[in-house]
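**Student:** One structure coming up, written as structure tokens, with questions to follow.
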Amino acid sequence: QVQLVESGGGLVQAGESLRLSCAASGTIFSIDAMGWFRQAPGKQRELVAHIISDGITDYADTVKGRFTISRDNAKNTVYLQMNSLKPEDTAVYYCNARGRLTAGRSFGSWGQGTQVTVSS
């Protein structure tokens, strides 16, 4: 019912920046929260950052102060600005969204993932 399309990943050197985008499409009544997760090879998927309906944000300790999550509600899009990238940020980054299809039906969706590689 809801599809998420991610873009913006790539290969950069340590200290450089990337901006990830994730656009939600479909019949959506409301989006309550959107977030970014990442998964490195051999490791469990972890929360990077999320933003909820009232604008409150939260970040993993490892990215706090370097990454910024934001939303464009008119476009149903979430962004992740990643500055001062480190090799340990290398992972596949996944977008997640949850909300309502109707007033009484909720949803949760994942994007396909976008690769971020940071060289030393």
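The values are calculated or read from the model by the stated rules, or taken from the named source; none is laboratory data. No experiment lies behind these values; they were computed from the predicted model shown. For neighbour counting, all protein chains shown are included, and Cβ atoms are generated from backbone atoms with ideal geometry for every residue, glycine included. Areas reflect the complete protein model, heavy atoms only, side chains present, ligands, DNA and RNA absent. Shrake-Rupley method; radii C 1.70, N 1.55, O 1.52, S 1.80 Å.
**Student:** Return the distance in nm (one decimal) between the two label points of a simple spin-label model at residue 16 and residue 56, each offset 7 Å from Cα along Cα→Cβ.
**Tutor:** 3.7 nm
**Student:** Through the Karplus equation 6.51 cos²θ - 1.76 cosθ + 1.60, θ set to phi - 60°, convert the phi angles of the stretch 59-68 into ³J(HN,Hα) values in whole Hz; use x for Gly and Pro.
**Tutor:** 9, 5, 4, 5, 10, 4, x, 10, 9, 9
**Student:** Please identify every one of the trypsin sites (Lys or Arg not before Pro) in the stretch 15-120 that sits in a loop by DSSP and has no more than 12 other beta carbons within 10 Å of its own beta carbon.
**Tutor:** Here the trypsin sites (Lys or Arg not before Pro) that fit, given the DSSP loop and packing criteria, are 43, 64.
**Student:** Put +1 on the Cβ of each Lys and Arg and -1 on the Cβ of each Asp and Glu in the chain; which of 83, 28, 9 then has its Cα farthest toward the positive end of the dipole?
**Tutor:** Of the listed residues, the answer is 28.
**Student:** Whole angstrom only: what separates the Cα centroid of the stretch 1-35 from the Cα centroid of the stretch 37-66?
**Tutor:** 13 Å
**Student:** Please figure out what share of the DSSP beta bridges in the chain is antiparallel and state it in percent, rounded to the nearest 5.
**Tutor:** The antiparallel fraction comes to roughly 90 percent.
**Student:** Read phi for every residue in the stretch 30-42 and hand back ³J(HN,Hα) as whole Hz from Karplus 6.51 cos²θ - 1.76 cosθ + 1.60, θ = phi - 60°, with x for Gly and Pro.
**Tutor:** Calculated HN-Hα couplings, in order: 7, 10, 8, 7, 9, x, 10, 10, 9, 9, 8, x, x Hz.
**Student:** If you don't mind, another one. Can you give me the % of accessible surface on the chain that is carbon or sulfur? Probe 1.4 Å, all protein chains present, nothing else counted.
**Tutor:** C and S fraction of accessible area: 46 percent.
**Student:** If you count only protein heavy atoms with a 1.4 Å probe, what accessible area per residue comes out for the chain, rounded to a whole Å²?
**Tutor:** The answer is 54 Å² per residue.
**Student:** Now a separate question. Using r as the Cβ-Cβ distance of residue 64 and residue 29, and R0 as 41 Å, what FRET efficiency do you calculate, to the nearest 0.05?
**Tutor:** Calculated value: 0.80.
**Student:** Calculated FRET efficiency, residue 119 and residue 75, Cβ-Cβ r, R0 30 Å, to nearest 0.05?
**Tutor:** E between residue 119 and residue 75, to the nearest 0.05, is 0.40.
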